[in-house]
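The values are calculated or read from the model by the stated rules, or taken from the named source; none is laboratory data. Predicted model only: the values in this text are computed from it and were never measured. We place every Cβ from the backbone using ideal geometry, glycine too, and count neighbours over all the protein chains shown. Heads up: the accessible areas ignore ligands, DNA and RNA and are worked out on the full protein's heavy atoms, side chains in. Shrake-Rupley method; radii C 1.70, N 1.55, O 1.52, S 1.80 Å.
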Amino acid sequence: MEPRPTGIALGIALLLAAALGAGGCQRDAALFRRLDPARTGIRFANILAPSETLNTYLFRNFYNGGGVAIGDVNGDTLPDIFVTGNQVSNRLYVNKGSLQFEDATVAAGLHSEGTWTTGVTMGDINGDGWLDLYLCKSGPLGGARRHNELLINTGRGAFVDSAAAYGIAVEALSIHAALLDYDQDGDLDLYLLSNPLRSLDDLQPVPGLREVHDSAGGNKLFRNELHQGERRFTDVTREAGIYSSHIGFGLGVSVSDLDRDGWSDLYVSNDFFERDYLYINQRDGTFREVLPEAMGTISLSSMGGDIADLNGDGWPEVFVSDMLPAAGPRRQSKMNFPSWEEDRAYMQAGYHSQATRNTLQLNHGPGPDGILAFSDIARLLRIDATDWSWGGLLADFDLDGQRDLFVPNGIFKDLLDQDFIAAVQNQDTLRAIVQAADEPVMAILSRMPSEPLPNVLYAQRSPLTFENTSDAWGLADPGFSSGSAYGDLDGDGDLDLVVNNVNMEAFVYENLAVQHNRGHWLRVSLLGMPPNTTGIGAQVTAWQGGRQWLTEQQPARGFLSSVDPVLHLGLGPAAVLDSLVVRWPRGGRQMIKDVATDQHIHLREHDAN
């Protein structure tokens, strides 16, 4: 008979058990390892050099940064990495295996120095089975290659710009684009998020502005159509019910079937005083914008976001990031909140209830009137204040079966620093700076504070219960991060992270969850019928013991970025799934029973009923 443990020994055993996760590893052992660029071969840095004629005063998005796209562009099954640059060239890094990459930018015809690229979206736009790139351009108007580019993958290691031939060579202050089959005709349409060319300085939040169409700079919806056997996009913004005004300073667009009717809906997050837009697909070629009826309070300075089912009830939640620092000196020195009178005036003018904080909109499904009902629970979950945050990514990074939240942070110049604003608004101080400097704008910029910020990762411990594990998981490196994307770069079953930074090298993080035996996983490649060969818009639901995991094939996520189109499910202790159900975007369905986890499977749309 074995001796019973003493009280001290039992206490130690219980503490150890609480600290251990699945497989016997410490639950909060470093989950990520930041890789040296010398090892990966990824030496990209989005270096910005302001001047007297191009700076954050003349171009408001100067420090917004660039995006990341992950996907297999050369057909070798290894996900490659594309990063966008503003004043430096975009870069394509081809995956050679073992987390080593080769710069293939020039060979692929993708060198772009001299053009300001913002968002990148990866998808098979022409339906030939190869992943293409749609690049959004911004910065000063004019010049060669200033238009948005549709880079068609030739399948021979090169890309050809076909934006003009397809009708989407837009020249604007474009931010990001999302691919979706909104009319379910089998091809991929395009929602383009662009900022107006007009300055914000003379805009006032008066009623009716969002209904005034801005053909030069507003958001646009393009329908993919066949014209005499050739693919071409047609602008259907107005007839589809999409707002395209000069107050829509959008920074994020997310696609999801929010009401679970099988048709793609849209959420657009807007900066400054304009409210966000929630578009519900009416299944007749139009959208109905329902945010005022569906949501009580939204973010004020809305950045990017993501949509995913966080509590396993089958209804996707909506996360949007804002700019609220955690309590302390930064909140006191960086923020200037609207007054009560300003807030009431915004409400009365039709700009809805907005608050300076991240929001997480819990999806309750349709109410008695048929309209979706959401409630913001970010403050309750303590995920509302992550500082100057560029979007977010909802994914299961530790494989425990619960989606986590990654939030990239940082602005190279603290544009909202209240001490700096007070100093430069002082006429004597401003006059002294201008008189003493040959380049007065650069002299003013040199006084603007610059403080790197750590990125934030919240681990979801149980449904809608989050814990900040940024330090413990090895992701709290200070920097000026903007776009980010995830993908299983080494094929081991967990999600690695790539983060694009301003004025410093990009971060590449290896995920160690599988090495630490954190939990089970499943990777799913969707082989859709052409021309939607990656099944964008498909819904995959895993079932085990009455529990469900819903994931949607929507690669455009976060801020300016596109994640690997190979779907990933973290499944915790589930070694075998009861079933896997796929709802394809054109209505076909299929079910697979008794699916072993810890594998990569391929599902074909032509096998669906």
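Go through region 387-398 and give me each residue that's in a loop (DSSP other than H, G, I, E, B), open to solvent by less than 10 Å² (accessible area, probe 1.4 Å) and under 30 Å from Phe62 (Cα atoms).
Those that are in a loop (DSSP other than H, G, I, E, B), open to solvent by less than 10 Å² (accessible area, probe 1.4 Å) and under 30 Å from Phe62 (Cα atoms): Trp390, Gly391, Gly392.
Being in a loop (DSSP other than H, G, I, E, B), open to solvent by less than 50 Å² (accessible area, probe 1.4 Å), in contact with a Ser or Thr (Cβ under 7 Å, 6 or more places away or on another chain) and within 30 Å of Leu522 (Cα to Cα) is the requirement here; does Gly401 meet it?
So Gly401 fails the test.
Determine if region 322-344 includes at least one residue that is among the charged types (D, E, K, R) and under 30 Å from Phe222 (Cα atoms).
Yes.
Kindly indicate which of Val514, Val595, Val524 is modelled with pLDDT of 95 or more, under 20 Å from Leu188 (Cβ atoms) and of a type in the set (A, V, I, L, M).
Val524 is the lone residue from the list that is modelled with pLDDT of 95 or more, under 20 Å from Leu188 (Cβ atoms) and of a type in the set (A, V, I, L, M).
Name the residues in region 341-373 that are small (Gly, Ala, Ser), in contact with a strand residue (DSSP E or B) (Cβ under 6 Å, 6 or more places away or on another chain), in a strand (DSSP E or B) and surrounded by fewer than 17 Cβ atoms within 10 Å (Cβ to Cβ), would you?
Ser353
Looking at Met442 and the list (1) over 23 Å from the mean Cα position of the chain (by Cα); (2) among the aliphatic types (A, V, I, L, M); (3) assigned to a loop (DSSP other than H, G, I, E, B), which single condition is not satisfied?
(3)
What are the residues in region 198-220 that are over 15 Å from Gln348 (Cα atoms), assigned to a loop (DSSP other than H, G, I, E, B) and not hydroxyl-bearing (Ser, Thr, Tyr), if any?
The answer is Arg198, Leu200, Asp201, Asp202, Leu203, Val212, His213, Asp214, Ala216, Gly217, Gly218, Asn219.
Taking region 103-155 as the region of interest, how many residues are assigned to a strand (DSSP E or B), open to solvent by less than 10 Å² (accessible area, probe 1.4 Å) and among the charged types (D, E, K, R)?
Residues meeting the conditions: 3.
Taking the residues in region 241-270 that are outside any loop (DSSP other than H, G, I, E, B), out of contact with any His (no Cβ under 9 Å at 6 or more places or on another chain) and not small (Gly, Ala, Ser) as candidates, determine which candidate is farthest from Leu190 (Cα to Cα).
Selected residue: Asn270.
Looking for whichever is open to solvent by 10 Å² or more (accessible area, probe 1.4 Å), of a type in the set (Lys, Arg) and out of contact with any strand residue (DSSP E or B) (no Cβ under 6 Å at 6 or more places or on another chain) here; the options are Arg260, Arg288. Which one fits?
Of Arg260, Arg288, the one residue that is open to solvent by 10 Å² or more (accessible area, probe 1.4 Å), of a type in the set (Lys, Arg) and out of contact with any strand residue (DSSP E or B) (no Cβ under 6 Å at 6 or more places or on another chain) is Arg260.
Within region 535-578, which residues are touching a residue at least 24 places away in the same chain (Cβ under 8 Å), outside any strand (DSSP E or B) and surrounded by fewer than 21 Cβ atoms within 10 Å (Cβ to Cβ)?
Gly545, Pro573, Ala575
Every residue, every condition in (1) open to solvent by less than 20 Å² (accessible area, probe 1.4 Å); (2) outside any strand (DSSP E or B); (3) within 27 Å of Gln554 (Cα to Cα); (4) touching a strand residue (DSSP E or B) at 6+ places or on another chain (Cβ under 9 Å), yes or no:
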{"position": "Asn55", "(1), (2), (3), (4)": "yes, yes, no, no"}
{"position": "Leu58", "(1), (2), (3), (4)": "no, yes, no, no"}
{"position": "Val73", "(1), (2), (3), (4)": "yes, yes, yes, yes"}
{"position": "Asp76", "(1), (2), (3), (4)": "no, yes, yes, yes"}
{"position": "Val88", "(1), (2), (3), (4)": "no, yes, no, yes"}
{"position": "Lys96", "(1), (2), (3), (4)": "no, no, yes, yes"}
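Tell me which of these Phe249 doesn't satisfy, since it passes every other one: (1) open to solvent by 10 Å² or more (accessible area, probe 1.4 Å); (2) within 18 Å of Arg357 (Cα to Cα).
Against the list (1) open to solvent by 10 Å² or more (accessible area, probe 1.4 Å); (2) within 18 Å of Arg357 (Cα to Cα), Phe249 comes up short only on (1).
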